[in-house]
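Asker: Please find one structure pasted underneath; my questions will follow.
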Amino acid sequence: MIFEKDLETLPREKLEALQSERLVSLVERVHDRVPYYKEQMKAAGVKPSDIKSVKDLHKLPFTTKEDLRKNYPFGLFTVPLDQVVRVHASSGTTGKPTVVGYTKNDIDTWATLMARSLAAGGAGPGDMIHNSYGYGLFTGGLGAHYGAEKLGATVIPMSGGQSKRQLMVMQDFGSTVLLCTPSYALNLAEIMEESGIDPKSLKLKVGIFGAEPWSEPMRTEIERRMDLDALNIYGLSEVMGPGVSMECLEGKRGLHVFEDHFIAEIIDPATGEPLPPGETGELVFTTITKEAFPIIRYRTKDITRLMTEPCACGRTFYRMDRVSGRTDDMLIIRGVNLFPSQIEHVLMSVDEVEPHYQLIVERQGSLDTIEVQVEVSEKVFSDEVKVLEGLSKRIQKDMKDLLGITATVKLVEPKTIQRSEGKAQRVIDKRKL
Ligand code: DLL
C-alpha cells in the first residue's frame, strides 16, 4: 500500500522542482534565524540568493555532530521554544547528547512519514502494531507510535525489554506487525524457541527493523525463525527519527528515501566531494520541510550508496542501500578497513555458529588486533576439542579469504554473549587511544 500515492510517485522532474522550491525557502529561513548558519555561510562565501535549486546544494557548508554539540542544547532551533512541542535526544556515548526539537507541524510530518513507512511494509488499519522500540528520549518508540496512529492501525506501546511479557502480548493481542531493532528481534526469536512458541501460531506477518546496522543473511535468519517478512527502516534523530527511508515489500531491496522531505547526497568522506549515484560513500541529508530543527547537509557518518533504478512498487523516490556501517565504527585491522557488519556477513554463512557475536578490539604496540567471539550451539560446544579447533580455524580462514583480515576466533558457550533489547553493542573497544 502507498500511503500518499500522489507524492510518493511524483515524476522526478516535479519532485526535483518541489525540492528546489523548498530548499530555497529553507536556506533563507535558517540564514535569517540562526546566527550559526549565517556565520557558516558567510565563512563559505555563500549567500542565500546563490541557492536557486537543488543543483546548488553542494555550495552550502556541511553540518556535523560537533556543530550540534557546540550549539547544545537548543542553539540551532529556528523557532522560539514556545513553538516547540517536543524534544528528543540521541544517546551519544561520549560527551553531551544532541538535542532535537519539533513543532506541532513537525510531529505531524513525522507521523505521516512513519505512516508511509508502515504502509510500505503492508500495514494498515486493522493491524496490531507491536512497538518494541524504546520510548523516551530515543526517537524510535514515540516516532513509530504516532505513525501507527496516523495510519489508523492499533498501536501496542510495548517499548523494549520484559521479553516474556512481549511474547504473551503478541499471542494474546494478536500482534501482526513487529517494530524493534533486528538484534532484539533475534533475542525475541530465541526466547520464543525456548518457550516452545511456534512462530506459525502467531499472527505476525511483517517486522520493521532498524536503528542499527544488520546484514542480508541476518534478514534471512530472522525471517526463518519468526516466520515473517523482515524489512529495513532507517532514520536518525538529527534528521527526524525513524522514517527517513524505508524498504517496500515489493522491492525488499534498498530503502526509499522520502525525498519530498529530505535531500540525500553521497560524499567521499575523506574529501567531502559529492559522488555520483551508485557509488558508496557517506550519506548526507538536508531536511527541507522541518520547522523547529531543520538541518543543512548533515554528515550522518553512515556508509551506503544511492540506487536510482526504478522499483516495482511504483514509488519514484530513489533508494539507499542498507547501511553497512558508520565511518566512526570502522575498524582498521593491520591496514584493512572493516565494518562489524562485514564480519556478521561471514559468520552468518557458517552453519555451526549462532548469530550472536561480539568483537573485541585491542591494541598491541602500534597494531590493532581483533578477536571475534561467536556462540556455538550446545551440541557443537560439547564436541571434541579437535572439532572446535577445526571450526575456529575454518572461520579464521574465511575472514582472511573474504575480508582480508587476520582475526582470532573464539567459540563461546551458548548464551554467553549479552542479548540486546535495543541497539546491540557489537564492538568492545579496549584500545586506550
Ligand atoms: O536510531 C532512529 C531509528 C529508530 C531508526 C528506529 C530506525 C528505527 P538515532 O538513535 O539518532 O536514531 O541513531 C541514528 O542509527 O545514523 C545509523 O548509524 C543507525 N541506524 C538507524 N537505522 C539504521 C538502519 C535512530 N536501518 C543512527 N541500518 C544512524 C543501519 C541504522 N543503521
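Every residue, every condition in (1) within 21 Å of the chain's Cα centre (by Cα); (2) within 21 Å of Gly254 (Cβ to Cβ); (3) not assigned by TED's automatic domain parsing to the domain that holds Asp260, yes or no:
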residue	(1), (2), (3)
Leu306	yes, yes, no
Glu309	no, yes, no
Gly314	no, yes, no
Tyr318	yes, yes, no
Phe339	yes, yes, yes
Gln342	yes, yes, yes
His345	yes, yes, yes
Val350	no, no, yes
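Asker: Next question, about the same structure. Listed residues Val387, Val361, Val350; which is free of Cβ contacts under 8 Å to residues at least 40 places away in the same chain and away from the ligand (no atom under 16 Å from the Cβ)?
Answerer: Val387
Asker: Just give me the residues in segment 315-347 being closer than 19 Å to Ile417 by Cβ and either assigned to a strand (DSSP E or B) or away from the ligand (no atom under 16 Å from the Cβ) (or both), in sequence order.
Answerer: Those that are closer than 19 Å to Ile417 by Cβ and either assigned to a strand (DSSP E or B) or away from the ligand (no atom under 16 Å from the Cβ) (or both): Leu331, Val346, Leu347.
Asker: Now for a different question. Considering every residue within segment 371-379, establish whether at least one is basic (Lys, Arg) and touching a residue at least 40 places away in the same chain (Cβ under 8 Å).
Answerer: Narrowing segment 371-379 to residues basic (Lys, Arg): 379.
From the residues that got through so far, the ones that are touching a residue at least 40 places away in the same chain (Cβ under 8 Å) too are none.
No; the residues of segment 371-379 include none that is basic (Lys, Arg) and touching a residue at least 40 places away in the same chain (Cβ under 8 Å).
Asker: Could you please find all residues in segment 35-76 being small (Gly, Ala, Ser), out of contact with any Pro (no Cβ under 6 Å at 6 or more places or on another chain) and either at pLDDT below 95 or outside any loop (DSSP other than H, G, I, E, B) (or both)?
Answerer: Ala43, Ser49 - these are the residues of segment 35-76 that are small (Gly, Ala, Ser), out of contact with any Pro (no Cβ under 6 Å at 6 or more places or on another chain) and either at pLDDT below 95 or outside any loop (DSSP other than H, G, I, E, B) (or both).
Asker: Still on this model: Any residue in segment 236-247 that is within 16 Å of the ligand (Cβ to nearest atom), of a type in the set (Ser, Thr, Tyr) and in contact (Cβ under 8 Å) with a residue 60 or more places away in the chain?
Answerer: The answer is yes; a qualifying residue exists.
Asker: Report yes if some residue within segment 114-135 is under 17 Å from Arg86 (Cα atoms), of a type outside the set (Asp, Glu), in contact with a strand residue (DSSP E or B) (Cβ under 7 Å, 6 or more places away or on another chain) and within 11 Å of the ligand (Cβ to nearest atom); otherwise report no.
Answerer: The answer is yes; a qualifying residue exists.
Asker: Here's another thing I want to ask about it. Among the residues of segment 364-384, which ones are out of contact with any Lys or Arg (no Cβ under 9 Å at 6 or more places or on another chain), in a strand (DSSP E or B) and not polar (S, T, N, Q)?
Answerer: Start the filter on segment 364-384 by keeping residues that are out of contact with any Lys or Arg (no Cβ under 9 Å at 6 or more places or on another chain), which leaves 364-366, 370, 376-384.
Subset that is in a strand (DSSP E or B): 364, 370, 376.
Of everything in segment 364-384, those that are out of contact with any Lys or Arg (no Cβ under 9 Å at 6 or more places or on another chain), in a strand (DSSP E or B) and not polar (S, T, N, Q) turn out to be Ile370, Val376.
Asker: Every residue in segment 301-314 that is within 14 Å of the ligand (Cβ to nearest atom) and assigned to a loop (DSSP other than H, G, I, E, B), please. It would help to see each step written out before you state the result.
Answerer: First pass over segment 301-314, keeping only residues within 14 Å of the ligand (Cβ to nearest atom): 301-305.
Within segment 301-314, Arg305 is the sole residue that qualifies.
Asker: Next question, about the same structure. Quick check on my filter: what residues within segment 390-425 are of a type in the set (D, E, K, R), away from the ligand (no atom under 16 Å from the Cβ) and either outside any helix (DSSP H, G or I) or modelled with pLDDT under 95 (or both)? Even if it seems obvious, please write down each step before you answer.
Answerer: Within segment 390-425, the subset of a type in the set (D, E, K, R) is 393-394, 397-398, 400-401, 410, 413, 415, 419, 421, 423.
Those left that are additionally away from the ligand (no atom under 16 Å from the Cβ): 393-394, 397-398, 400-401, 410, 413, 415, 419.
Across segment 390-425, the qualifying residues are Lys410, Glu413, Lys415, Arg419.
Asker: Quickly run through segment 308-358 and pick out the residues that are of a type in the set (Lys, Arg) and touching a helix residue (DSSP H, G or I) at 6+ places or on another chain (Cβ under 9 Å).
Answerer: Arg315, Arg322
Asker: Quick check, is Lys96 assigned to a loop (DSSP other than H, G, I, E, B), out of contact with any Leu (no Cβ under 7 Å at 6 or more places or on another chain), away from the ligand (no atom under 15 Å from the Cβ) and not small (Gly, Ala, Ser)?
Answerer: So Lys96 does not fit the description; no.
The values are calculated or read from the model by the stated rules, or taken from the named source; none is laboratory data. As the structure is a prediction and not an experimental result, all values here were calculated from the model. Glycine also receives a Cβ, built like all others from the backbone with ideal geometry; neighbour counts cover every protein chain displayed.
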